[in-house]
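The values are calculated or read from the model by the stated rules, or taken from the named source; none is laboratory data. What you see is a predicted model; the values in this text were computed from it and never measured. Cβ coordinates were reconstructed from backbone atoms using ideal geometry, including for glycine residues, and neighbour counts include every protein chain displayed.
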Amino acid sequence: MAIVRWEPFRELGSIQSEMNRLFNTVLDGPGGQGGVERRWAPAMDLVESGDHYVLRLDLPGLGEDDINLEVEENTLTVSGERHFDQEVDDGGFHRIERSYGSFSRSLTLPPGVNAEAVTAQFDRGVLEVRIPKPEERKPRRISIGSRPETIEQ
């Protein structure tokens, strides 16, 4: 007879993995199950370059008409929805890993950004938003002059 060492934490990890798998199969159907709306968050990069901030979002499978871009006060919001377009048969096996549903990403802009100068381009599934940096307020040098001389009469 072989003696096997019992490791309870390994067993707990196995149970947790099985529970995660169970919940994922129930909740990961197209558009969610039981009327639950799924949300997803597209990958986003924000980089600073010379005189702009450049925001890039990966939005594969979407068109320009599927995307909303708004600036309100000092908040930039990108939102939209990716629809599930495939027919699902209950009799077959399916594995759906791509995310569908609505999304919304917001970020706070620095004070002083000119919202009218924000531009966007959409190319090959990547949305690029260029946000001009606010102009820095530079100190104004004031020269000190002498008092005007008064003429005595």
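Values computed for the structure shown
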quantity	calculated
Output for segment 46-57, where each listed residue is of a type in the set (Asp, Glu) and either assigned to a loop (DSSP other than H, G, I, E, B) or at pLDDT 95 or above (or both)	51
Conditions (1) modelled with pLDDT under 75; (2) in a strand (DSSP E or B); (3) not hydroxyl-bearing (Ser, Thr, Tyr); number of the one not met by residue 33	(2)
Residue satisfying all of: in segment 102-152; in a loop (DSSP other than H, G, I, E, B) and of a type in the set (A, V, I, L, M, F, W, C); modelled with the highest pLDDT among these	118
Residue match in segment 65-85 (condition: at pLDDT below 95, of a type in the set (Lys, Arg) and either assigned to a strand (DSSP E or B) or surrounded by 10 or more Cβ atoms within 10 Å (Cβ to Cβ) (or both))	yes
Flag for residue 94 being at pLDDT below 90 and out of contact with any Phe, Trp or Tyr (no Cβ under 8 Å at 6 or more places or on another chain)	yes
Some residue of segment 1-10 being surrounded by fewer than 11 Cβ atoms within 10 Å (Cβ to Cβ) and at pLDDT 80 or above	no
